[in-house]
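Visitor: Below are the structure tokens for one structure; questions will follow.
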Amino acid sequence: MQLISTHPAITQLLDFLPLWSAIAILAAAGFTVLWIVKTIVILLWVKISARTPFFLDSVILDAARRPLNLVVLVASLWGAVSYLVYIERIDETALSWLNHLSVAILVFAVILFIDRLTRMTLNHYQGASVVLKTSGPLIKGTIRLFIFALGILVILSTLGISITPVVASLGIGSLAVALALQPTLENFFSGLQILADKPIRVGDFVELESGEQGFVEQIGWRSVWIKMLPNNIVIMPNSTLAKSKIINYYYPEKQLSVPVDCSVHYDSDLEHVERVALEVAREILVSHKWGIDDYDTFVVFTAFDSSSINFTVMLRAEEYFNRFFLKSAFIKALHKRFKQEGIVIPYPINAINLTQEKADTTLKPPQ
């Protein structure tokens, strides 16, 4: 300040200009100098952070870029007004309102920094965290709402506005809003319940109580999006989903058993049938890309049917969606092998055994 004030030409120029023009020129000059300094500091920080194995320094740098522009703007305005007060162009009352405005802008800059830092940190850990991957948008939205609500109260307090009536008014208003938005709030808190309980996650294959099946695409603050196999989307409100019975085929793990129902003729050697079915099952589990090669498969004979003896072969697939292909490959291989072994798969027909069920048509004379 002292260096600039020693130049009478600058003082005379500022006296000649309108007040707003003088503030704008000084603020622009200060902003340019501080912006260049900020850019140099950021470039140095980028070079230093590139050599470190930590991610937090890079995240802090990216989060601070825009808020630092607000800090530079405040410093420029404050410097311009302070200089005009120093040369007695304006009185010190201008510093009073500028202090309140500067603090409010700085608080807003801190809010932006915390918001960006939180979101970038969550994005960094989203790939490694199941919770963030499942309900990232819901968590980010809740945290962001809390940060901005708290920041607005701090700004109001900084500007000299009493927040006690505001908080009281918000409490009364919140009750009215809660009654008006009861379905929306129910979905929101049901989403938090789903987030805490974790019955489903993004990417899980689930079956709803109404019968729809599909992959969980998104868990939002209002609804859950489920992509069905025909490439359609089922949108379920969180409150409805939280009250429904859900089958999660990916929990506790993706692998699942695949039962295949078969049948053979009554004249078949069941020991031979079991041996052949096990051999085919083991070959499919080893050769198929979605089979579990170390699974101990087994055969269970289940019923004497009207025209066949039924049995079930148990396979194991990598996940639910793969079971269709594994089951198809096994049926084709078993059908081919049964033909080679002479094992008959009967047609579903009703046959009359005349030898066993022959009726006695001889009429006996009455005694």
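Visitor: Residues L278, L195: which one is more than 25 Å from E341 (Cα to Cα) and assigned to a helix (DSSP H, G or I)?
Guide: Residue meeting the stated conditions: L195.
Visitor: Okay, next question. Give I42, I60, I105, I36 a once-over and let me know the one that is under 18 Å from T158 (Cβ atoms) and at pLDDT 75 or above.
Guide: Testing whether each residue is under 18 Å from T158 (Cβ atoms) and at pLDDT 75 or above leaves just I105.
Visitor: Among the residues of region 282-318 satisfying the criterion of being among the aliphatic types (A, V, I, L, M) and in a helix (DSSP H, G or I), which is surrounded by the fewest Cβ atoms within 10 Å (Cβ to Cβ)?
Guide: The selected residue is V286.
Visitor: Determine whether region 258-275 contains at least one residue that is assigned to a strand (DSSP E or B) and open to solvent by 70 Å² or more (accessible area, probe 1.4 Å).
Guide: yes
Visitor: Turning to a different aspect of this structure: Among (1) modelled with pLDDT of 80 or more; (2) in contact with a Ser or Thr (Cβ under 6 Å, 6 or more places away or on another chain); (3) open to solvent by 40 Å² or more (accessible area, probe 1.4 Å); (4) not basic (K, R), which single condition is V74 missing?
Guide: (3)
The values are calculated or read from the model by the stated rules, or taken from the named source; none is laboratory data. A quick note: this is a predicted structure, and the numbers were derived from the prediction, not measured. Positions of Cβ are backbone-derived with ideal geometry, glycine not excepted, and every protein chain shown enters the neighbour counts. Ligands, DNA and RNA are excluded from the accessible area calculation, which covers all protein heavy atoms including side chains. Shrake-Rupley method; radii C 1.70, N 1.55, O 1.52, S 1.80 Å.
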